[in-house]
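A quick write-up on the structure given underneath.
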Amino acid sequence: QVQLAESGGGLVQAGGSLTLSCAASGSRIRINSMGWYRQAPGKARELVATITSGDRTNYADSVKGRFTISRDNAKNTVYLQMNSLKPEDTAVYYCNAISAVRVNYWGQGTQVTVSS
């Protein structure tokens, strides 16, 4: 089993920055890709950014140029640096990991609130 622990959420003013981190535990399981998704009340969960084991990245159009996803393979950790935050970015952000056998794992989520 893989457990994902997110941290770094909080309250920030519009235009500010936050960095989220997610550490994967369960060393027997190889993680091939990781990413961040978010869900606001009344909305479906949506992709924010993903990064593959080969460091290929994908971003939602709404965050391109503002968010950067990266990973530290030695620590089995993925980060999401969020700059120029907007109130529309307010959501619960969930860490996602996909194992080598294509099993999805999800974190508990961390709240990001952006005030105007």
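The values are calculated or read from the model by the stated rules, or taken from the named source; none is laboratory data. Keep in mind that this is a model prediction, so the values were computed, not measured. Neighbour counts run over all protein chains shown; Cβ positions are idealised from the backbone, glycine included. For accessibility, only protein heavy atoms count, side chains too; no ligands or nucleic acids. Shrake-Rupley method; radii C 1.70, N 1.55, O 1.52, S 1.80 Å.
The table below gives the values:
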{"item": "From ASP72, ASP55, residue being open to solvent by less than 70 Å² (accessible area, probe 1.4 Å) and modelled with pLDDT under 95", "result": "ASP72"}
{"item": "Residue tally, condition touching a residue at least 40 places away in the same chain (Cβ under 8 Å), within 19 Å of ARG45 (Cα to Cα) and open to solvent by 30 Å² or more (accessible area, probe 1.4 Å), over region 80-98", "result": "5"}
{"item": "Set GLY26, GLY35, GLY65, GLY16: member being modelled with pLDDT under 95 and either out of contact with any Asp or Glu (no Cβ under 9 Å at 6 or more places or on another chain) or open to solvent by less than 60 Å² (accessible area, probe 1.4 Å) (or both)", "result": "GLY26"}
{"item": "Strands (runs of 3 or more DSSP E) wholly inside region 1-95 containing at least 1 residues that are among the charged types (D, E, K, R) and closer than 17 Å to GLN108 by Cβ", "result": "3-7, 31-39"}
{"item": "Checklist (1) without any contact (Cβ under 8 Å) to a residue 24 or more places away in the chain; (2) under 12 Å from the mean Cα position of the chain (by Cα) applied to ILE69, failing item", "result": "(1)"}
